[in-house]
Amino acid sequence: MSQDKVLIAGGGIGGLALALTLHQIGVECTVFESVRELRPLGVGINLQPNAVRELEDLGIGEAEMDKVGIPAREWALVGLNGREIYAEPRGKLAGYNWHQYAVHRGEFHMMLYRTVIERLGPDAVRLGRKVTGYRKEADGSVVALVEGADGERSEVPGRLLIGADGIHSSVRAQMHPGQPPIRWGGTIMWRGTAKGVPIRTGSSFVGLGTSRHRVVLYPISHPDEHGLSDINWIAEQTYDTDHDWTKSGWFRPVELSEFAHEFDGFVYDWLDLPELLAKSDVAYENPMIDRDPLPTWVDGPVALIGDAAHPMYPTGSNGASQAIMDARMLGRILIERGVTSEALNTFDEEFCGPIGQVAMRNRGAGPFGLLNMVDERCGGQFEDIDAVIPADERSAFMFAYKQAAGFAKDRLNAAPRTIPEGARVTREPA
């Protein structure tokens, strides 16, 4: 294995997007993933137009995306009383040059994995191999400390190491040994999918309820011959901070009887949530958690991306999108500065601070902050939302979030490609 390879810890969405990016710009890489076998785990996620654009530039277009999801047409917030608070078109319907996609996370992940194997070869992703740490070398290179699922340990040299190993990142833990513990803000999420008739536009992302008690619904598949789609649902309840969230494992399977009664009141002439939940094949529970922003994502020839760098509450629907953007922005900088620690420092200087602020916006409820405002001003009950929050104030609130998260329409449409077509890394490492 060449010492000039880039080593990637973690074969999730960010790690695989980085592998495809490095292949595109002519940089060899190897991905180390701790699980022995990748499976299509998870439920629904949204990919914002900025990330969809990058996937298209990687050769993953609408035909491929339509196999794992559906273009989103609308984003809407509805109060617990069933009245609309805010709605706007999304993707191409909103004037973007690219769709926003609602996808099944696991199916999308597997599509990325198959694409990496097809393009980079079967040895590009080493399954059952976890990067447990690293050692910086005197010549500026790095050695990844790798442990196999069977306990076998090895040392793998590389030019750079990128930690894309998630919120429990071993690379992050070594880089920041004194980091504060994972932070929980009081919200438990239950997630699942069920067959149902898509509401509103037929492909709407709908947040319904209050800031402390809400559900999110959106389809993640095109309708079948019966007009039914796979509807992704996320039911959320905020508790006092003395609730023991540590008993809620990451995507712990749960019985509907453990939580569904909390949402018995979500019945309207256009939605019967208890009926939809009852149709679910499986439900999962997990706490809504994140970490405090880091002062740096870089330690010499080692950098963090995705949830290893900036785990976010899923309130802004841009966690996966940001992981893809991390990979693409890093690729752009490698073209400009070579496969060097200097490139990682530039990446850190440009993005660590701003993306940390996006994570803080999400902790503050992200775009769902409008529900907080409604609760504060009228207790969640209203006849005319304009009398509570004027339309221009609602629009300004949403625009500020999109601007910070990198998918404001006019800026994105006018921006040049992140990685110019045909661009390759030519500068030799220092």
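Assorted remarks:
- Here the dipole of region 102-198 is about 420 debye; that uses its Cα centre as origin and unit charges on the Cβ of Lys and Arg (positive) and Asp and Glu (negative).
- Integer Hz, Karplus 6.51/-1.76/1.60 couplings in order for region 388-397, x for Gly and Pro: 9, 9, x, 4, 5, 5, 5, 5, 5, 4
- Of all accessible heavy-atom area on the chain, the percent that carbon and sulfur account for (1.4 Å): 48 percent
- The largest accessible area among ARG172, ARG191, ARG183 belongs to the first residue in ARG183, ARG191, ARG172, and the rest follow in falling order (1.4 Å probe, all chains).
- Sites LYS409 and VAL197 - FRET efficiency at Förster radius 30 Å, r taken between beta-carbons, to 0.05: 0.50
- Model label points for ALA149 and PHE399, set 7 angstrom from Cα along the Cα-to-Cβ axis, are 5.1 nm apart.
- In this structure the amide hydrogen of LEU38, modeled in the peptide plane, comes within under 5 Å of no amide hydrogen from residues 5 or more places off or on another chain.
- All lysines inside 29 Å of LYS409 as judged from Cα atoms, apart from same-chain residues fewer than 8 positions distant: LYS67, LYS92
- Protein heavy-atom accessible surface, 1.4 Å probe, per residue over the chain: 41 Å².
- Each label was represented as a point 7 Å from its Cα along the Cα-to-Cβ direction; for ARG212 and ASN97 these points are 4.6 nm apart.
- Student exercise, the chain dipole from Lys, Arg, Asp, Glu Cβ charges, in Debye to nearest 20: 780 debye
- When only alpha carbons of the chain are considered, Rg and Dmax amount to 21.6, 68 Å.
- Take the Cβ atoms of ILE167 and ASP240, set R0 to 30 Å, and the FRET efficiency comes out at 0.80.
- Amide hydrogen neighbours beyond the local backbone of LEU80, cut-off 5 Å, H modeled: GLY209
The values are calculated or read from the model by the stated rules, or taken from the named source; none is laboratory data. Being a predicted model, the structure only gives us computed values, none of them experimental. Methodologically, a virtual Cβ is constructed for each residue, glycine included, from the backbone with ideal geometry; neighbour enumeration extends over all protein chains shown. These accessible areas exclude ligands, DNA and RNA; they are computed on the full protein's heavy atoms, side chains included. Shrake-Rupley method; radii C 1.70, N 1.55, O 1.52, S 1.80 Å.
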